[in-house]
Amino acid sequence: MNNPQLDTDGRLRHLLSIEGLPKKILNQILDTAESFVGVAEREVKKVPLLRGKTVCNLFFENSTRTRTTFEIAAKRLSADVISLNVNTSSQSKGETILDTVDNLIAMHADMFVVRHNQSGAAHFIAKHVPSHIHVINAGDGRHSHPTQGLLDMFTIRKYKADLHNLRVAIVGDVLHSRVARSEIHALTTLGVPEVRVIAPKTLLPAQVDKLGVHVFHDMKAGLKDVDVVMMLRLQNERMNGAMLPSTQEYFKTYGLTQEKLSYAKPDAIVLHPGPMNRGVEIDSTVADGAQSVILPQVTYGIAVRMAVMAMLAGGSGQVQGGQA
């Protein structure tokens, strides 16, 4: 079966999900991102790879960090950027999502960055657009958030050179998290030998172990000797009914404190996709501590999103992003 994310030559055409992408493509994205990290340190923070291209950010769901980093990434590639506030657009007047896309294509849009609260929205758009148009999934429902997963992999690779010897724990609301799914697929595809998920039973998907992860309900056992701790936000807006006794009780059992972090290896790093709920998923002493790489995640996210857009627009995984 053909992968809708790849063209007939096996090159990246859309980025919709990490699931199904070959290890070679993931490594090409990460390697390309490496060449973009230095762009932010230049006096003129731009390269001309997307000059003359128009990138449309279609955010049907609120976001600050993801939308802003995509905007910065596109502008650093010299693209023209349109960020559509869908809440005040024709969508609110009854226009369909495909009508919106068709009108933007008629205005010569080249690439769509799509965030939507319905799983599969980006795939739906990708099936509809002509072959020269590219679609990036910036988060769809509970399904996938591929660039977040990739920027997390890039961050881990920066601090832990060899992924093949790592023990990684993903902690929190796995059930509602598209980030968790993207991280699990990325970690297993890139050859991380042990991926753990730690959460109460109410916040784990059915048969989550079939994704190739080890399941824990206890923080001490789950964090023992891990190299990387990836915290997840409690997605209260996606929960139906009471799935937790209280946020205070959740923090007591699953919130990452210095005491709980001490179960991991002394040089373990801590990630969080944001926005953080301090005192719920993570204590401020950990979030702001020496083992936290939460702010570098945001910085590296720009380089990773530049890499994805450059590869899509260039039709190749061999873009030399660091060259003007």
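The values are calculated or read from the model by the stated rules, or taken from the named source; none is laboratory data. Being a predicted model, the structure only gives us computed values, none of them experimental. Quick reminder, even Gly has a Cβ in these numbers, built from the backbone with ideal geometry, and neighbours come from all protein chains shown. Keep in mind that these areas ignore ligands, DNA and RNA; they rest on the heavy atoms of the full protein, side chains included. Shrake-Rupley method; radii C 1.70, N 1.55, O 1.52, S 1.80 Å.
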### Query
Cα-Cα over 22 Å: which of K23/K160; K23/K158; K201/K260; K24/K75; K24/K46; K220/K252?
K24/K75; K24/K46
### Query
Short version: ³J(HN,Hα) in whole Hz for each residue of region 124-141, in order, from phi by Karplus 6.51 cos²θ - 1.76 cosθ + 1.60 (θ = phi - 60°), x for Gly and Pro, what are they?
4, 5, 4, 5, 8, 7, x, 5, 8, 9, 10, 10, 10, 7, 9, x, 9, x
### Query
Taking the DSSP beta bridges in the chain as the whole, what percent of them are antiparallel, to the nearest 5?
5
### Message
Could you compute how much accessible surface V129 exposes when probed at 1.4 Å, giving the result in Å² to the nearest 10?
### Response
10
### Summary
Rounded to the nearest 500, the 222 nm mean residue ellipticity computed for the chain from DSSP H runs (n ≥ 4, each -39500 (n - 2.57)) alone is -10000 deg cm²/dmol
### Task
Could you pull out which residues in region 160-193 have an amide N less than 15 Å from a spot 7 Å beyond the Cα of A206, following the Cα-Cβ vector?
175
### Query
What base-10 log of the normalised intensity I(q)/I(0) is obtained for region 32-135 from the Debye formula, alpha carbons as equal point scatterers, at q = 0.14, 0.22, 0.24 Å⁻¹?
-0.58, -1.24, -1.38
### Message
Give the residue list of chymotrypsin sites (Phe, Trp or Tyr not before Pro) in region 1-76 that are DSSP loop and have at most 16 other beta-carbon atoms within 10 angstrom.
### Response
none
### Task
Enter the accessible area of E61 (Å², nearest 10), with the probe set to 1.4 Å and all protein chains included.
40
### Task
Residues in region 166-200, backbone N under 18 Å from the label point at K220 (7 Å along the Cα-to-beta-carbon vector): list them, ranges by number please.
198-200
### Farthest positive-ward along region 1-58 dipole, Cα basis, beta-carbon charges - from V39, N3, L50
L50
### Query
Taking a label point 7 Å from the Cα of T96 along the Cα→Cβ vector, which residues of region 50-67 have an amide N closer than 12 Å to it?
none
### Query
Tell me, in nm to one decimal, what length is gained between N117 and K45 on full extension, where the rule is 0.36 nm per residue of separation less the Cα-Cα distance?
22.7 nm
